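Peer 1: Mind having a look at this structure? Questions to follow.
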Amino acid sequence: MNSVRLPHLKASAEISTAPLFLPKSVMVSLSMSIGAPCEPVVKIGDTVKTGQLIADSDAFMSAPVHAPVTGVVTRETTLTAANGKKTRALVIETANKQELSDEVKPPVINSREDFLKAVRASGAVGQGGAGFPLHIKLGFDPKKQPVDYLLINGAECEPYTTSDYRELIERGEDVISGIKLILRHISIPKAIIGIESDKPLAIKKMRSLTENEPDISVAPLPTGYPQGAEKVLVYSCTKRVVNEGSLPVSAGCVVVNVSTTAFVARYIKTGVPLIEKRVSIDGDIVNKPENIFVPIGTTLAEITARTNLRLVPGKVIFGGMMMGTTVYDPDTPVTKTTGAILFFAGTGSAEKPLTSCIRCARCVNACSMSLAPTELEHAFDRKDAALLQKLHVNLCMDCGACSYVCPAGRNLAEKNQLAKAFLRSKGSLSKIG
């Protein structure tokens, strides 16, 4: 598959993660996964303890939300999510003394169903991307769709981000324990840990931990972007192709982020739900790049206040440099899928002046799905739904590689996202793409 070589810029890679930073308050979004938002099960004025369930949903596609700190629920507010949609959030004022809730107990597991129920109760979602609820991903019907491989995504191919790498280095044993739990309870025969070849220390450590694990192997992956995308990872590890409009399970693979896998092991052992995140702090104005543990719900304002910056940020990105989201509101909170917060001096808006396409084909060569981004741009501008489908816009993973390499500054990746939204409005595109 095609790929793009991005600058490494992983200054925090070999720095141990700083201990948990406890903010004065947290703003906990009630919608941190693909699927239905949760409804509060606590009231304003309630005292909650760390790990206590504070919101849930009866919807099939959803994941519960827990209190990341001990404190008092002071108010409910509304946030603007990365996709522009409004979502509810609960604000918890942090108490001086942190106490685990009595609800926090290791789950009892005697069957596949017990394991899936426990995974759901943990609040686990894919921490490396879109936040797909883990119990749904693991809840496939093996009779209808047999799965041969559990693929553990440790690629972390974007610049600056090192949180998954630190998980491999600092908690590699948890990764292996999580893999073994999933293999045993979900009845998947083999696991492959995919790690980009530019991370030799992580590869060495995971190989040492899997020496006596015949069902678990480590695959050094080609260094290139977007190696961490599910479809690319599936092909790199197994040479299988995920068809248009399909999920990896259709190719006999389940892909789980490395940090999510390790979390599963800790939850089964302790019963502590997903309430904290390791976040990479970096960017061109950060004096001290680092990874820190923060409670989910910690706001950008709190993190900015403790970060050593040379200048006032002109741009802040939640997530990776390529696929992350620019944020403007200091109340924007860390969610279950936030892996990095990047601070930059400039806005980036004037880096590539927009000019006419020069037909250089760099975007075509960069696309890992072998699409023709310029043709897709023209088709969208003409609102030609039939041509967009013919050109397979559904295969676009929104990685942004085409825009990155375009010397004309064309907004190719953005046009692809708009094109898919356009086709969905016409009822012509699967929501999987």
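Peer 1: Based on this model, can you work out whether Lys86 counts as without any contact (Cβ under 8 Å) to a residue 12 or more places away in the chain, more than 21 Å from Ala229 (Cβ to Cβ) and touching a Ser or Thr at 6+ places or on another chain (Cβ under 8 Å)?
Peer 2: Yes: the conditions hold for Lys86.
Peer 1: Identify the residue in region 206-219 that is touching a residue at least 24 places away in the same chain (Cβ under 8 Å) and among the polar types (S, T, N, Q) and, among all such residues, is surrounded by the most Cβ atoms within 10 Å (Cβ to Cβ).
Peer 2: Thr210
Peer 1: Mind checking whether some residue in region 267-280 is surrounded by fewer than 21 Cβ atoms within 10 Å (Cβ to Cβ) and touching a Ser or Thr at 6+ places or on another chain (Cβ under 7 Å)?
Peer 2: no
Peer 1: So which of Ala67, Ala55, Ala82 is surrounded by fewer than 19 Cβ atoms within 10 Å (Cβ to Cβ) and either closer than 30 Å to Lys269 by Cβ or modelled with pLDDT under 95 (or both)?
Peer 2: Ala82
Peer 1: Answer yes or no as to whether Leu354 is surrounded by fewer than 21 Cβ atoms within 10 Å (Cβ to Cβ), within 12 Å of Leu423 (Cα to Cα) and outside the structural domain of Pro159 (by TED's automatic domain parsing).
Peer 2: Answer is no for this residue.
Peer 1: OK, next. Suppose we keep only residues that are touching a residue at least 40 places away in the same chain (Cβ under 8 Å) and among the hydroxyl-bearing types (Ser, Thr, Tyr) within region 357-402. Which one would you say is surrounded by the most Cβ atoms within 10 Å (Cβ to Cβ)?
Peer 2: Ranking the candidates gives Ser368 first.
Peer 1: Kindly provide the set of residues from region 377-418 that are under 21 Å from the mean Cα position of the chain (by Cα) and either among the acidic types (Asp, Glu) or part of a loop (DSSP other than H, G, I, E, B) (or both), ordered by number.
Peer 2: Answer for region 377-418, where residues must be under 21 Å from the mean Cα position of the chain (by Cα) and either among the acidic types (Asp, Glu) or part of a loop (DSSP other than H, G, I, E, B) (or both): Cys396, Met397, Asp398, Cys399, Gly400, Glu414.
Peer 1: Can you pull out the residues in region 257-309 that are part of a helix (DSSP H, G or I) and more than 22 Å from Gly228 (Cβ to Cβ)?
Peer 2: The answer is Arg266, Tyr267, Ile268, Lys269, Thr270, Leu300, Ala301, Glu302, Ile303, Thr304, Ala305, Arg306.
Each row is one residue, and each column tells you yes or no for (1) part of a helix (DSSP H, G or I); (2) modelled with pLDDT of 95 or more; (3) of a type in the set (Asp, Glu); (4) over 20 Å from the mean Cα position of the chain (by Cα).
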position: Gly320; (1), (2), (3), (4): no, no, no, no
position: Thr326; (1), (2), (3), (4): no, no, no, no
position: Gly346; (1), (2), (3), (4): no, no, no, yes
position: Glu351; (1), (2), (3), (4): no, no, yes, yes
position: Glu375; (1), (2), (3), (4): yes, yes, yes, yes
position: Lys420; (1), (2), (3), (4): yes, no, no, yes
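Peer 1: Would you confirm, using the coordinates I've provided, whether Ile203 is of a type in the set (A, V, I, L, M), part of a helix (DSSP H, G or I), surrounded by fewer than 23 Cβ atoms within 10 Å (Cβ to Cβ) and in contact with a Leu (Cβ under 8 Å, 6 or more places away or on another chain)?
Peer 2: Against the criterion (of a type in the set (A, V, I, L, M), part of a helix (DSSP H, G or I), surrounded by fewer than 23 Cβ atoms within 10 Å (Cβ to Cβ) and in contact with a Leu (Cβ under 8 Å, 6 or more places away or on another chain)), Ile203 does not qualify.
Peer 1: Pick from Glu244, Glu170: which is part of a helix (DSSP H, G or I), surrounded by fewer than 16 Cβ atoms within 10 Å (Cβ to Cβ), of a type in the set (Asp, Glu) and in contact (Cβ under 8 Å) with a residue 60 or more places away in the chain?
Peer 2: From the options Glu244, Glu170, the qualifying one is Glu170.
Peer 1: Let me ask another. Only one of these conditions is not met by Lys239: (1) over 19 Å from the mean Cα position of the chain (by Cα); (2) closer than 29 Å to Leu300 by Cα. Which number is it?
Peer 2: (2)
Peer 1: Which of (1) touching a residue at least 40 places away in the same chain (Cβ under 8 Å); (2) assigned to a loop (DSSP other than H, G, I, E, B); (3) within 20 Å of the chain's Cα centre (by Cα) does Ala11 not meet, given it meets every other one?
Peer 2: Checking Ala11 against (1) touching a residue at least 40 places away in the same chain (Cβ under 8 Å); (2) assigned to a loop (DSSP other than H, G, I, E, B); (3) within 20 Å of the chain's Cα centre (by Cα), the one that fails is (3).
The values are calculated or read from the model by the stated rules, or taken from the named source; none is laboratory data. Because the structure is a prediction, the values reported are computed rather than measured. Don't worry about glycine lacking a Cβ; one is built from the backbone with ideal geometry, like all the others, and counts go over all protein chains shown.
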